[in-house]
Amino acid sequence: IGTWVLEEALRQVRLWHLRRMDFPRLAINISALQLEQEEPSLSSQLADALRQHDVSAEAIELEITETALLNDPGRAGDQLRQLADSGFSLAIDDFGTGFSSLGVLHRFPIRRLKIDRAFITGIERRESSQAIVKSILAMARELGLDTLAEGVERPEERQWLQQHGCDSFQGFLFSRPLSAEAFATLLAAPGRNLPLAAGTPEPVA
């Protein structure tokens, strides 16, 4: 399934490029099994897929959970360094829920932290979540990492995160999941405005 997802994602990126569509990096989730696989390795699979579909690594962000990195940290580190050197952007998915968040940042070439939605839901009224997210945002700034809040569903959550320096957001506040064709239609719309649940529409970041 993981191999099929990679192939399908890169095929879609190629189709969008052929249509001259301008869009952000496409994020693809990577499982622990894919990181641990020896032959063919994840890095070699991706290299072959990039050549086959004529897609640049700079167009792709790979999302890995903290737990996946802890299963075999030595091999995972080697794989991720190869991928980072090839031009892929690497992100930690569901950040803050693993057992070794600081160790993960110290050992792996991560570029973006995706803050788990467990800390985002109702954050404007939950002091414990506010303290955790403030710490994550401050740490990310010191390390030069981008931040993204997952599961933003309410304008109040987005406003709090903006006020405290979160770089970007995802969630139902901006859009429900879309098919590839519906997403293409959205990108082709004037101003590329997302259908926000409340407030003034803003361009896709």
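Points to keep in mind about this one:
- Between the listed residues Gln79, Val104, Phe174, the Cα displaced farthest toward the positive end of the dipole of the chain, a dipole computed from Cβ unit charges relative to the Cα centre, is found at Phe174.
- Estimated from helices alone, the mean residue ellipticity of the chain at 222 nm is -14000 deg cm²/dmol (sum of -39500 (n - 2.57) over DSSP H runs with n ≥ 4, per residue).
- Kirkwood-based shape ratio for the stretch 52-165, expressed as Rg/Rh from alpha carbons: 1.01
- In the chain, the DSSP beta bridges split such that about 5 percent are antiparallel, to the nearest 5.
- Computed E for Lys134/Leu178 - FRET, C-beta separation, R0 35 angstrom, nearest 0.05: 0.65
- Subtracting the Cα-Cα distance of Gln45 and Leu15 from 0.36 nm times their residue separation leaves 8.8 nm of extension gain.
- The chain - percent of accessible surface contributed by carbon and sulfur, probe 1.4 Å: 52
- Mean accessible surface per residue for the chain, computed with a 1.4 Å probe while every protein chain stays in place, in Å²: 53
- Alpha-carbon Rg/Rh ratio, for the stretch 100-142, with Rh computed the Kirkwood way: 1.01
- Kirkwood radius and radius of gyration were both taken over the C-alpha atoms of the stretch 1-64, and their ratio Rg/Rh is 0.97.
- As a ratio to 2.2 N^0.38 Å, the alpha-carbon radius of gyration computed for the chain takes the value 1.05.
The values are calculated or read from the model by the stated rules, or taken from the named source; none is laboratory data. It should be emphasised that the depicted structure is a prediction, and the values quoted were computed from it without experimental measurement. Every residue, glycine among them, receives a Cβ derived from its backbone with ideal geometry; neighbour counts consider all protein chains shown. Quick note on the areas: whole protein, heavy atoms, side chains included, nothing else; ligands and nucleic acids left out. Shrake-Rupley method; radii C 1.70, N 1.55, O 1.52, S 1.80 Å.
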